[in-house]
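I have placed the structure first, in the form of structure tokens, so that the comments after it can refer back to it.
The values are calculated or read from the model by the stated rules, or taken from the named source; none is laboratory data. A quick note: this is a predicted structure, and the numbers were derived from the prediction, not measured. A quick note on method: Cβ atoms are made from the backbone with ideal geometry, for glycine too, and the neighbour counts reach across all protein chains shown. Just the protein is used for accessible areas: all its heavy atoms, side chains included, with ligands, DNA and RNA removed. Shrake-Rupley method; radii C 1.70, N 1.55, O 1.52, S 1.80 Å.
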Amino acid sequence: MLIAIVTIKASKATPKKAITYITNPLKAAKVKTINLDPNRDFNEQMRETAKLWNKAQTHDSRKYMHLKLSFHPEDSRLNKLAEDGAMDIGTTLVREFFPSFESVLSVHVDKEHLHVHAIINAVDPLSGKMLNMRSAQYRALKDRVQEICSQRGLSSIDWRAATKAKREKERTDGPVIRESF
């Protein structure tokens, strides 16, 4: 069951394929950019920024972060959330947590639940600093998602309590044994 889940992952690939995927008109109902010229190739602009600061130039360097925010299907079915609202929440998160970074956002409607994708350049165009998401920032991002969803009357979950309960269960049940062949 999906209840306002947010994930963010770093990638060492160029953002071209990810941007193409999230902006696919068969999936995306809305597309928006932050700190990018919407009339130019997004991937090229991100590459230009990285080259300007001589960052993210090697095969092994982090090029972008991919944020995904998934909402509970009931929020759409009960008309609590539409594409504009999902985009607004995604934009709010990107502006709060990555204010100067170049970003492409989209709202996907190809699944039972609305979800927002954001491709965020790993190089800050103003300072040249690399984006480095620490655990504390990730926890703050997840807390903020739940706060926004709660304020808007959307489904939310106390992810901290759920994590604590999961860890407690693992302690009492013993380690999970996985077999591979």
Right, Ala86: open to solvent by 20 Å² or more (accessible area, probe 1.4 Å) and either among the aliphatic types (A, V, I, L, M) or touching a Leu at 6+ places or on another chain (Cβ under 8 Å) (or both) or not? no
Restricting to the stretch 42-67, name every residue that is acidic (Asp, Glu) and open to solvent by less than 90 Å² (accessible area, probe 1.4 Å). Glu44, Glu48
Does any residue of the stretch 3-15 turn out to be among the small types (Gly, Ala, Ser), surrounded by 17 or more Cβ atoms within 10 Å (Cβ to Cβ) and either modelled with pLDDT of 95 or more or in a helix (DSSP H, G or I) (or both)? no
Hey, Ser106 hits all of (1) small (Gly, Ala, Ser); (2) part of a helix (DSSP H, G or I); (3) closer than 25 Å to Lys27 by Cβ but one; which does it fall short on? (2)
Residues in the stretch 16-41 that are exposed (fewer than 13 other Cβ atoms within 10 Å of the Cβ) and not in a helix (DSSP H, G or I): how many? 6
Can you run down the residue pairs with Cβ atoms below 9 Å, 6 or more apart or on separate chains, where the first is in the stretch 64-76 and of a type in the set (Gly, Ala, Ser) and the partner is assigned to a strand (DSSP E or B) and open to solvent by 20 Å² or more (accessible area, probe 1.4 Å)? Ser70/Ile5; Ser70/Thr7
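Residues checked against (1) modelled with pLDDT of 95 or more; (2) surrounded by fewer than 11 Cβ atoms within 10 Å (Cβ to Cβ); (3) among the hydroxyl-bearing types (Ser, Thr, Tyr); (4) over 30 Å from Glu44 (Cβ atoms):
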position	(1), (2), (3), (4)
Leu105	yes, no, no, no
Ile120	yes, no, no, no
Cys149	no, no, no, yes
Arg152	no, no, no, yes
Lys164	no, no, no, yes
Thr172	no, yes, yes, yes
Ser180	no, yes, yes, yes
Looking at Ala28, Ala56, Ala86, Ala122 in this structure, which one is small (Gly, Ala, Ser) and under 15 Å from Ala4 (Cα atoms)? Ala86
